[in-house]
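A quick write-up on the structure given underneath.
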Amino acid sequence: MSSSSSTVSNNIPPIETQKEILCRLKTTLFDGDLFVLLHTNVMASHDIKDLLKHVDLLTSPSVVVSFVIEFSAFLDQLLELHKSLDHEKYEFETRVVDISKWNKQIEELQAKVKEAWVLQARADDTTQ
């Protein structure tokens with residue numbers, strides 16, 4: 001392997017040249033429906049971010065450098081949003097479980113109160 005070779009984790013195979021990196025970016029970002037990909041596959045954001053990290057910003061045209069910087073920032077925001085939504089979903093599910101437990105406890109207490117009323121009514125009937 002040459003000194004310019006890189007390795008990208010996850011589903012992206014080793015990369016040899018900047019041309020290959022840019023071709024993979026083109027294929028990933030522009031030859032498919034990027035928004036569907038990012039919406040349905042959170043790991044795609046990580047894979048694209050890893051691929052962007054391998055673009056040589058020193059030798060790339062300024063338009064590529066600007067794109068890499070801006071798109072990386074967008075992916076950072078997207079990943080933060082996913083993290084925030086996952087946290088909110090976890091909190092929501094936790095609250096739903098808590099509410100279910102509370103509802104069960106309320107039903108149990110209502111049954112005990114009803115039973116106490118029945119016992120009290122019987123006691124009142126026998127004392128009269």
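Among the conditions (1) assigned to a helix (DSSP H, G or I); (2) modelled with pLDDT under 90; (3) hydrophobic (A, V, I, L, M, F, W, C); (4) within 25 Å of the chain's Cα centre (by Cα), VAL8 misses just one, which is (1).
Out of LEU75, LEU34, LEU52, I need the residue that is closer than 30 Å to THR17 by Cα, touching a Phe, Trp or Tyr at 6+ places or on another chain (Cβ under 8 Å), surrounded by 10 or more Cβ atoms within 10 Å (Cβ to Cβ) and free of Cβ contacts under 8 Å to residues at least 40 places away in the same chain. Which one? Just a single option satisfies the conditions, and that option is LEU52. Screening LYS19 with (1) loosely packed, with under 10 Cβ neighbours inside 10 Å; (2) charged (D, E, K, R); (3) not in a helix (DSSP H, G or I) gives one miss only, at (3).
May I ask you to verify whether VAL63 is among the β-branched types (Val, Ile, Thr), surrounded by fewer than 12 Cβ atoms within 10 Å (Cβ to Cβ) and at pLDDT 90 or above? Taking the combined requirement at face value, the residue satisfies it.
The values are calculated or read from the model by the stated rules, or taken from the named source; none is laboratory data. Note that the coordinates shown come from a computational prediction; the quantities given were computed from them, not determined experimentally. With ideal geometry, Cβ positions are generated from the backbone for all residues, glycine too; neighbour counts draw on all protein chains shown.
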